[in-house]
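Trainee: Just dropping this structure here.
The values are calculated or read from the model by the stated rules, or taken from the named source; none is laboratory data. Predicted, not measured: the structure shown is a model, and the values here were computed from it. Cβ atoms come from the backbone with ideal geometry, glycine included; neighbour counts cover every protein chain shown. When the accessible area is computed, the model is the full protein with side chains, heavy atoms only, and any ligands, DNA or RNA have been set aside. Shrake-Rupley method; radii C 1.70, N 1.55, O 1.52, S 1.80 Å.
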Amino acid sequence: MEVEIKNLTRVSLSLLASLIYCRFISSRITKGKIRLVSLLPVFYLFITLPICFASLFPKAITSLFISWLANFKLALFAFDHGPLSSEQSNSLLQFISKTLLPVKIKQNEKHPSSQPPQNSPKLPLNFPAKVLLFTVLVGVNDYKSSFHEKWILGLYCCMVYLLVDIIFGIFNATVHAILRMELEPPSNEPYLSTSLQDFWGRRWNLMVTNLLRHTVYKPVRSSLGSLLGQWAPLPAVAASFLVSGLMHELLFYHVTRASPSWEVTLFFVLQGACLVVELAVKRWFGGRWQLHWAISGPLTVGFVVMTAMWLFFPPLIRSGADERAIDECKMFLNLVKGEGLKWIGKLI
């Protein structure tokens, strides 16, 4: 623990120095390729920071938040786009918070949302319920020898959803408390998705979806627009999923330190290919034919879960990362429980 605290201090100071450079020096450089070149040392540093940690969760969080999301935000910043652009009038504290934390400013009249309203049924899980359910699933994992392998993989799917939503939700609440900014939720009930477009574009991990939309989808669609016309969005979708797969591969490497097996990249390429087919069929029929949500919902969620069992989780299981993650969750939950009992004892 003491070693990890020292590592956290070193990483934090490196991040602070890098972002001060970005805010006060790089921002003075003309937007475009020259500013992008000035940020290359920061990109490289952010990619290497996760290896400073020994524990799994600090590696994973740093890889996702810094190596991926922060670098993508800074890439947009190089061209004066995205949440760090000059039109957002960022103070240093806002600049640092928006860069490092997985938050998305709530859309308003000035920055309208690109996501259409949803008419599918609602079954919201509030934050305490998610924490409680995740705690229960961590405990159930102790008895996994009694379950079939497929049930364990299904359990992992639920745990990943809950854990991602809990972590992103904590940072959302922190930024809202400190900066008083209205933020969008990290996800929108992905278990109620009625299509792959609905799942990946409007419900699952909205922060990542938004960044991929601006850093990959829109540039590819714009560059191919004159060549492909109304079909340009399809290769843009495929490119977005390919980039997502490669970034997940980097995250898996940071966590496992094992050579890439490319299974997780294949998972996202497969999802992208199937989504392209779905969009092409919708365009072909002109939106006139659509399955009822009671049928399309289970088909969509079932497809994502089954392909995740096949391609997403095996690299983590082979490396033992799943067991290490669960052990670290147990340690954290036991720590919280112990501190809570101490607090209650003092009150009594």
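Trainee: Using θ = phi - 60° and the Karplus curve 6.51 cos²θ - 1.76 cosθ + 1.60, what whole-Hz ³J(HN,Hα) does each residue of the range 2-9 get, with Gly and Pro shown as x?
Mentor: Residue by residue, the range 2-9 yields 5, 5, 5, 5, 5, 4, 5, 4 Hz.
Trainee: What percent do you get for the relative contact order of the range 154-287 when only Cα pairs under 8 Å and 6+ apart count?
Mentor: Reported as a whole number, the value is 18 percent.
Trainee: Right, here's the next one. For the chain, modelled as a GNM with alpha-carbon contacts under 10 angstrom, which of LYS59, LYS218, LYS282 fluctuates the most?
Mentor: Its mean-square fluctuation being the largest, the pick is LYS282.
Trainee: Let me ask something else. Work through the residues other than PRO233 whose Cβ is under 14 Å from its Cβ and net out their charges, Lys, Arg +1 and Asp, Glu -1.
Mentor: Taking every Cβ under 14 Å from that of PRO233, the sum is +4.
Trainee: Take ARG318, ARG203 and sort them by solvent-accessible surface of the protein heavy atoms, 1.4 Å probe, largest at the top.
Mentor: From most accessible down to least: ARG318, ARG203.
Trainee: Moving on. Would you mind checking LYS150/LYS330; LYS59/LYS130; LYS33/LYS218; LYS59/LYS218 for any pair whose Cα atoms are more than 25 angstrom apart?
Mentor: Where the Cα-Cα span goes over 25 Å, the pairs concerned are LYS59/LYS218.
Trainee: Put +1 on the Cβ of every Lys and Arg and -1 on every Asp and Glu Cβ in the chain; which of SER145, PRO83, PRO128 then has its Cα farthest towards the positive end of the dipole?
Mentor: Of SER145, PRO83, PRO128, it is PRO83.
Trainee: Taking the C-alpha atoms of the chain, how large are the radius of gyration and the largest Cα-Cα span, Dmax, in Å?
Mentor: Every Cα atom of the chain included, Rg and Dmax give 21.0, 73 Å.
Trainee: Across the range 70-82, in residue order, what do the Karplus-derived ³J(HN,Hα) couplings come to in whole Hz, using 6.51 cos²θ - 1.76 cosθ + 1.60 with θ = phi - 60° and x for Gly and Pro?
Mentor: Per-residue couplings from phi come out as 5, 5, 5, 5, 5, 5, 5, 4, 4, 10, 6, 10, x Hz.
Trainee: Accessible area of the range 16-64 with a 1.4 Å probe: how many percent of it is carbon plus sulfur?
Mentor: Carbon and sulfur atoms account for 74 percent of the accessible area of the range 16-64.
Trainee: Follow-up. Once amide H atoms are built 1.01 Å from N in the peptide plane, which residues 5 or more positions from ASP80, or in another chain, come under 5 Å H to H?
Mentor: GLY32
Trainee: For Cα pairs less than 8 Å apart in space and 6+ apart in sequence, what is the mean separation divided by the residue count of the chain, i.e. the relative contact order in percent?
Mentor: Taking the mean separation of contacting Cα pairs over the length of the chain, I get 16 percent.
Trainee: List the residues, sorted by chain then number, that are 5 or more residues from LEU183 or on another chain and whose placed amide H is less than 5 Å from its amide H.
Mentor: Excluding prolines and chain starts, which carry no amide H, the hits are LYS106.
Trainee: Report the Cα centroid-to-centroid distance between the range 224-247 and the range 48-84 in angstrom, as an integer.
Mentor: 23 Å
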